[in-house]
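Report on the structure given below.
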Amino acid sequence: MRIIAGQFRSVTLASVGKGDAAAHLRPTTDRVRESLFNVLSHHDVIDGARVLDLFAGTGALGLEALSRGAAHVSFVDDGRVAGRLLRENIRKLRVEGLTQIHRCDLRQLPQCKSEPFDLVFLDPPYGKGLGAAALARAEAGNWLSPDAFVVWEEASAMPPPSGYTEVDYRRYGDTHITLLSKIST
């Protein structure tokens with residue numbers, strides 16, 4: 001697993017190895033990340049963005065965004081192994097000042113104490129129904145900007161929850177990515 005493009009292009013990230021089966025560590029493959037970021041570049045949502053990486057795992061999605069011009073990334077995950085890999089990847093890229101780690105269960109995400117986020121990566125364990133709950137909790141906690149752009153990776157296409165509209169949808173094998181835009185009120 002490596003950073004595909006941008007400032008940290010070709011830097012190899014920490015290996016998941018056997019990972020953490022209980023935490024469902026399943027990093028997005030390089031091929032899927034490359035295709036996804038081509039789509040995100042087309043939508044012009046990366047440059048200068050404040051990124052929220054929910055179910056961050058190794059942090060590959062958020063770190064790729066940072067490499068491509070995002071201003072800041074906050075990572076949220078409660079996994080022990082994920083936390084270790086995430087900290088290792090942040091140190092490897094020397095981006096401690098541009099990142100923040102929140103170790104908590106997404107269903108109990110506290111109120112946001114910073115500016116809201118423009119780009120959200122939502123990559124929950126497949127088929128557990130956690131994505132919608134985490135997105136609702138992030139919204140209730142004021143983590144999302146009024147025009148937030150959400151990238152939702154799951155085992156199947158995800159219908160947009162209330163308050164969101166589908167912008168794009170892509171399928172890469174058994175990985176389904178639904179791109180959503182928050183409807184401004």
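The values are calculated or read from the model by the stated rules, or taken from the named source; none is laboratory data. Just so it is clear, the structure is predicted and the values come from calculations on it, not from any experiment. Note that we place each Cβ from the backbone using ideal geometry, even for glycine, and neighbour counts take in every protein chain shown.
Among the listed residues Cys104, Cys112, which satisfies the condition of being more than 17 Å from Arg33 (Cβ to Cβ), outside any helix (DSSP H, G or I) and touching a helix residue (DSSP H, G or I) at 6+ places or on another chain (Cβ under 9 Å)?
One residue alone meets the criteria, Cys112.
For the subset of region 62-78 comprising residues that are of a type outside the set (A, V, I, L, M, F, W, C) and surrounded by 22 or more Cβ atoms within 10 Å (Cβ to Cβ), which member is farthest from Gly97 (Cα to Cα)?
Among them, the one singled out is Asp77.
Kindly establish whether Leu36 is aliphatic (A, V, I, L, M), within 14 Å of the chain's Cα centre (by Cα), surrounded by 20 or more Cβ atoms within 10 Å (Cβ to Cβ) and at pLDDT below 95.
Taking the combined requirement at face value, the residue satisfies it.
Considering Gly83, Gly131, Gly79, which residue is closer than 27 Å to His43 by Cβ and within 16 Å of the chain's Cα centre (by Cα)?
Gly131
I'd like the full set of residues that are in a loop (DSSP other than H, G, I, E, B), closer than 16 Å to Leu119 by Cα and among the polar types (S, T, N, Q), limited to region 153-184.
Ser184
Answer yes or no: is there a residue in region 52-61 that is over 17 Å from Leu144 (Cα atoms), acidic (Asp, Glu) and either surrounded by fewer than 19 Cβ atoms within 10 Å (Cβ to Cβ) or in contact (Cβ under 8 Å) with a residue 12 or more places away in the chain (or both).
Of the residues in region 52-61, the ones over 17 Å from Leu144 (Cα atoms) are 57-61.
Okay, now just the ones that are also acidic (Asp, Glu), so none.
No, region 52-61 contains no residue that is over 17 Å from Leu144 (Cα atoms), acidic (Asp, Glu) and either surrounded by fewer than 19 Cβ atoms within 10 Å (Cβ to Cβ) or in contact (Cβ under 8 Å) with a residue 12 or more places away in the chain (or both).
From Pro161, Pro125, Pro116, grab the single residue that is surrounded by fewer than 19 Cβ atoms within 10 Å (Cβ to Cβ) and at pLDDT 95 or above.
After applying the criteria, what remains is Pro116.
Does Val81 satisfy being in contact (Cβ under 8 Å) with a residue 40 or more places away in the chain, β-branched (Val, Ile, Thr) and buried (at least 16 other Cβ atoms within 10 Å of the Cβ)?
Against the criterion (in contact (Cβ under 8 Å) with a residue 40 or more places away in the chain, β-branched (Val, Ile, Thr) and buried (at least 16 other Cβ atoms within 10 Å of the Cβ)), Val81 qualifies.
For region 142-152, what are the residues that are surrounded by fewer than 15 Cβ atoms within 10 Å (Cβ to Cβ) and either part of a loop (DSSP other than H, G, I, E, B) or at pLDDT below 90 (or both)?
The answer is Asn142, and nothing else.
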